[in-house]
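Take a look at the structure set out below.
The values are calculated or read from the model by the stated rules, or taken from the named source; none is laboratory data. Values in this document were obtained by computation on a predicted structure and should not be read as measured data. Positions of Cβ are backbone-derived with ideal geometry, glycine not excepted, and every protein chain shown enters the neighbour counts.
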Amino acid sequence: MPKYTFVCQRCGEYDIWKSMNSNLQEDTCPECSEVTNRIYKSFRTNQMDSKLYNRINSGMTPKLVKRENLPKSNVKQLNRNRNPMPWTL
């Protein structure tokens, strides 16, 4: 079961383990029993290996690639006259 973070207006944030089949948008506060809403947080990266951390962060930024620098396609160009079933290779 994954851990989810919810926020209560009176008590603040708390984490709870919930089944993925349960209601993941709302929960009840364990201290005051008020209805709470889920908040979304990124996973912890402060204790992660620096190489993996840099790879994750660099993967979030889009890279500019020019058309002439794109890799050549290795998909065979089918001759539609020779092959009446193009989905077969």
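Scan segment 3-21 for residues that are assigned to a loop (DSSP other than H, G, I, E, B) and surrounded by fewer than 12 Cβ atoms within 10 Å (Cβ to Cβ) and the total you get is 5.
So which pairs qualify, if the first residue must be in segment 21-43 and closer than 19 Å to MET1 by Cα, the second must be among the basic types (Lys, Arg) and assigned to a loop (DSSP other than H, G, I, E, B), the Cβ gap must be under 9 Å, and the two must be at least 6 apart or on different chains? Matching pairs, first to second residue: LEU24/LYS18; ASP27/LYS18; CYS29/ARG10. In segment 51-69 there is at least one residue that is of a type in the set (Gly, Ala, Ser), out of contact with any Cys (no Cβ under 8 Å at 6 or more places or on another chain) and modelled with pLDDT under 75.
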